[in-house]
Amino acid sequence: MPIEQHAVEDELQALIAENGPIPISRFMGLANAAYYSDHDPFGASGDFITAPEVSQMFGELIGLVLADCWRQAGGEAAYVELGPGRGTLAVDALRSMSLVGLDPPVHFVETSPFLRASQAEMIPNATWHDTTATLPTDVPLMIIANEFFDAMPVEQYVKTMLGWRELMIRHDDIDGFATVPGQVPTEDKIPLDLRDAHTASVYEQSSAARGLMRSLARRLAAQGGMMIVIDYGYHDRFAGDTLQAVHAHAYADPFIRPGRSDLTAHVDFSALKKAAQSIKHVRVRGPVDQGDWLVSIGIDLRADQLTRANPGRAAELAAARMRLIHPEQMGTLFKVMGLSGPHWPAVPGL
Ligand code: SAH
């Protein structure tokens with residue numbers, strides 16, 4: 001089915017016509033903001049499905065983990081979610097916290113007006129933020145980020161005959177949007193051990209993701225609290241180019257039809273971990289595989305309980321459990337990393 005062009009395509013063309021080629025990170029940031037701004041990307045009729053949309057068990061178990069840590073820490077705390085999508089994870093997590101008598105104030109960091117509206121239907125009394133900068137400063141934060149960091153813009157660098165250059169996006173009527181190495185040498189951005197890599201090697205990193213991680217770790221150090229980051233990604237940084245586009249559950253060319261497909265990159269957990277560890281008084285655990293984590297925090301028990309209460313849903317629950325934990329599904333590609341501030345316990349299962 002042909003998809004109509006998004007207005008951001010004209011904006012990107014105009015920007016390039018005016019300034020010359022733009023960094024991939026700029027292209028990705030603008031394309032993704034446009035992509036999320038005006039529709040619901042989730043589910044069978046959308047582009048992709050995330051873990052909380054697969055099963056209520058995912059958010060419920062996260063809620064129990066938060067409740068457990070919060071009880072041990074004592075005092076006040078706020079629930080914070082970065083990029084809550086439809087609000088499904090928050091609803092499931094808050095319901096299981098409420099069952100044990102915990103009802104935190106809710107803060108969502110969300111830029112999409114369209115998704116904010118769906119979240120407001122689910123959790124009307126939440127407070128919305130454009131960025132993490134306006135989150136409360138006077139209370140410990142329990143921060144959840146599921147499939148958020150993968151949407152952060154990445155920079156890419158390519159080794160050319162002349163040395164390392166940033167990869168930029170150009171545009172013309174024949175090729176459309178296409179990559180081209182920039183003019184400026186960028187050796188200083190490349191880790192020492194990669195500088196001599198062979199020609200055409202690509203080094204990818206996300207300054208936005210690392211910066212965000214550092215600033216949230218600083219918050220946890222100063223205010224207390226915890227953070228759980230769940231995303232698909234890798235644990236060493238030699239993955240090269242991982243930028244991909246997904247449209248209607250299939251991979252697409254990342255530079256075709258900006259604003260109409262979801263642009264993501266694998267999350268570099270070793271870079272995020274280093275960024276968090278650079279902040280004093282914050283403890284970092286993981287990453288571990290999502291499947292192992294869900295098993296250790298009790299997905300089997302929860303699946304059994306739900307099956308006993310709803311025998312008619314047995315097959316659906318078994319399939320959802322498999323989808324979340326099986327190595328060939330989301331079990332090993334997705335990873336979980338935990339941060340804890342002073343006087344907060346380590347995230348269980350990590
Ligand atoms: N966590 C949800 C949704 C993941 S999709 C789930 O697991 O189902 C990514 C989410 O992050 C969307 O809600 C999107 O609108 C939001 N988002 C993407 N980039 C963002 C940014 N820079 N600032 C705030 N929200 C962003």
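The values are calculated or read from the model by the stated rules, or taken from the named source; none is laboratory data. Note that the structure is predicted; figures quoted are calculated from it, not measured. Cβ: placed from backbone, ideal geometry, glycine included. Neighbour counts: every protein chain shown.
Please name all residue pairs, on different chains or six or more residues apart, with Cβ atoms under 9 Å, provided the first residue is in the stretch 98-125 and is more than 22 Å from residue 39 (Cα to Cα) and the second residue is within 9 Å of the ligand (Cβ to nearest atom) and in a strand (DSSP E or B). Final answer for the pair search is 106/81. Scan the stretch 232-242 and tell me whether some residue there is crowded, with 17+ Cβ neighbours inside 10 Å and hydrophobic (A, V, I, L, M, F, W, C). Checking the stretch 232-242: not a single residue is crowded, with 17+ Cβ neighbours inside 10 Å and hydrophobic (A, V, I, L, M, F, W, C).
For residue 258, work out the one condition from (1) away from the ligand (no atom under 16 Å from the Cβ); (2) part of a loop (DSSP other than H, G, I, E, B) it doesn't fulfil. Exception for residue 258: condition (1). Contact annotation: residue pairs with Cβ atoms under 8 Å, 6 or more positions apart or on different chains, pairing a residue in the stretch 40-56 that is small (Gly, Ala, Ser) with a partner that is more than 8 Å from the ligand (Cβ to nearest atom) and in a helix (DSSP H, G or I), are 51/58; 51/290; 51/324; 55/317; 55/320; 55/321; 55/323; 55/324. When the stretch 119-158 is limited to residues that are of a type outside the set (A, V, I, L, M, F, W, C) and touching a Gly at 6+ places or on another chain (Cβ under 6 Å), the one that is farthest from residue 28 (Cα to Cα) turns out to be 140.
Here residue 195 fulfils each of the conditions (1) among the charged types (D, E, K, R); (2) surrounded by fewer than 17 Cβ atoms within 10 Å (Cβ to Cβ); (3) touching a strand residue (DSSP E or B) at 6+ places or on another chain (Cβ under 9 Å); (4) without any contact (Cβ under 8 Å) to a residue 24 or more places away in the chain apart from (4).
Here the stretch 62-105 is the region considered, the condition is being in a helix (DSSP H, G or I) and within 14 Å of the ligand (Cβ to nearest atom), and the residue that is nearest to the chain's Cα centre (by Cα) is 89.
All conditions in (1) within 16 Å of the ligand (Cβ to nearest atom); (2) in contact (Cβ under 8 Å) with a residue 40 or more places away in the chain; (3) aliphatic (A, V, I, L, M) hold for residue 221, with the sole exception of (1). If only residues of the stretch 107-130 that are in a helix (DSSP H, G or I) and of a type in the set (Gly, Ala, Ser) are counted, the one that is surrounded by the most Cβ atoms within 10 Å (Cβ to Cβ) is 118.
Taking the criterion of being of a type in the set (D, E, K, R), in contact with a helix residue (DSSP H, G or I) (Cβ under 7 Å, 6 or more places away or on another chain) and either free of Cβ contacts under 8 Å to residues at least 24 places away in the same chain or assigned to a strand (DSSP E or B) (or both), the only residue of the stretch 224-255 that qualifies is 231.
For the stretch 321-341, the tally of residues that are out of contact with any Leu (no Cβ under 8 Å at 6 or more places or on another chain) and either closer than 15 Å to residue 297 by Cβ or assigned to a loop (DSSP other than H, G, I, E, B) (or both) stands at 9.
So for the stretch 193-202 (the condition being over 25 Å from residue 329 (Cα atoms), at pLDDT 95 or above and of a type in the set (Asp, Glu)), does at least one residue qualify? The answer is no; no qualifying residue exists.
Residue by residue through the stretch 106-157, note down the ones that are of a type in the set (Phe, Trp, Tyr), within 13 Å of the ligand (Cβ to nearest atom) and closer than 30 Å to residue 201 by Cα. Across the stretch 106-157, the qualifying residues are 148, 149.
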